[in-house]
Every structure is written in C-alpha cells, then in structure tokens.
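Only one structure is covered here, and it is reproduced in the block below.
The values are calculated or read from the model by the stated rules, or taken from the named source; none is laboratory data. The structure presented is a predicted model; accordingly, all values stated were derived computationally and were not measured. Counting neighbours? That spans all protein chains shown, and the Cβs are built from the backbone with ideal geometry, glycine included.
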Amino acid sequence: MDLAFSRRARSGPAKDVILLADQDRSRWDRLLIRRGLAALGRGNGMARKRGVPPGRYALQAAIAAVHAMAATPEDTDWRRITGLYAVLAQRFASPVIELNRAVAVSRVHGPAAALELVDTLVAAGTLDTYHLRHAVRGDLLAQLGRHAEASAAFTRAAELTGNSAEQALLLDRAAACARDAGRN
C-alpha cells in the first residue's frame with residue numbers, strides 16, 4: 001500500500017504540488033484505503049503464523065497505513081511511524097530510508113534532532129544529487145529559523161528536480177525563506 005490513495009489530493013487545479021500536511025484528506029479514496037488495510041492485515045496475519053518478520057514492503061505499507069488512518073495531519077501517530085522507520089532502517093538500511101526516518105523524527109523529537117540525522121547523510125556525501133534530501137534539510141532549517149540556509153537548500157533542491165511542479169513549490173519556499181532571512 002502506498003500513498004496512491006491520495007493521488008487526487010496531491011495536486012491542485014494548476015497541477016501544483018500539495019504537501020501531505022496540506023492535503024484535503026476527504027479527497028482520499030477511502031475504498032482503496034480500506035482495501036489496502038485489509039490486504040495488509042491479511043498479509044501480516046499470514047506472516048505472523050509462519051513466524052516471518054515483516055519485510056521491507058510490509059513495513060512501508062504499515063507506515064502508509066498509519067498516514068491513511070489519520071483523519072487529519074494532526075492525528076497522525078508519528079511515534080508509530082518513527083518506530084516503523086527505525087525497524088525499516090535497522091533491517092533494510094538505506095540513505096533514503098534514513099532521510100524518511102529523519103522526517104518522522106522531526107515530528108516526534110523536533111527539527112534539531114532530525115537535522116542531525118540529515119547532516120550525517122550530508123557529511124557522508126550521501127544523496128548529494130537527490131533533491132528531497134535538500135528539500136527536507138531546507139524544511140528543517142526553516143523550522144529552526146535558519147532561513148538563509150533554508151533558502152539555499154530549497155534552491156538546490158529545485159535545481160535538482162526534473163519535475164516542474166516540484167520545482168515551483170521549492171522555489172516558492174526558497175523565496176519565502178529568503179524574505180524571512182531579510183527580516184531578521
């Protein structure tokens with residue numbers, strides 16, 4: 001199960017990107033969500049009976065399920081998501097999983113704790129050309145009030161993406177951070 005259930009809610013009329021936290025969840029396809037949750041439950045039940053730990057896709061589906069079950073962004077169980085990412089990172093380590101885990105950590109432990117995780121990826125030279133690493137870092141820096149650095153990170157993310165809608169969103173965020181940096 002992925003966040004395909006939210007496809008209609010992920011973009012506006014002008015095909016602009018709508019972030020997960022800003023999506024109208026009433027537009028999510030509840031039938032697909034119910035089907036996905038049922039399939040996840042059946043698969044997990046069969047795996048438990050066989051004594052098999054959840055695999056990569058089951059863990060990713062469980063993360064998507066936590067998002068899907070939250071009626072509002074504020075209702076999201078970020079502690080559960082953080083725990084699922086910790087298991088995923090332990091069993092199937094990858095820089096992208098670590099980046100996603102950092103986002104979850106930011107919701108539970110704050111942006112400074114998450115920035116430490118992202119900066120570990122930066123120091124390792126990991127995901128240097130992955131636009132979302134720069135976007136996540138920009139978001140964390142903005143939350144910490146480090147607007148000039150956030151603007152630079154969003155600008156770099158925009159340079160790296162090939163998606164024009166994402167690029168527009170990232171450039172808008174870079175400009176907003178640059179304005180905020182000028183006010184300080």
Just to be sure, is Val103 of a type in the set (A, V, I, L, M), closer than 25 Å to Ser26 by Cα and buried (at least 17 other Cβ atoms within 10 Å of the Cβ)? yes
Going residue by residue through region 145-162, is there one that turns out to be buried (at least 17 other Cβ atoms within 10 Å of the Cβ), at pLDDT 95 or above and out of contact with any helix residue (DSSP H, G or I) (no Cβ under 6 Å at 6 or more places or on another chain)? yes
State all residues of region 1-40 that are among the small types (Gly, Ala, Ser) and modelled with pLDDT of 75 or more; if no residue qualifies, say none. Ala21, Ser26, Gly36, Ala38, Ala39
Every listed condition ((1) at pLDDT below 70; (2) in a helix (DSSP H, G or I)) holds for Val52 save (2)
Give Glu116, Glu166 a once-over and let me know the one that is touching a residue at least 40 places away in the same chain (Cβ under 8 Å) and either closer than 27 Å to Ala61 by Cα or basic (Lys, Arg) (or both). Glu166
Can you report the number of residues in region 74-110 which are hydroxyl-bearing (Ser, Thr, Tyr) and more than 14 Å from the chain's Cα centre (by Cα)? 1
Residues satisfying the stated conditions in region 103-155, i.e. over 24 Å from Ala178 (Cα atoms) and of a type in the set (Gly, Ala, Ser): Ala104, Ala123, Ala124, Gly125
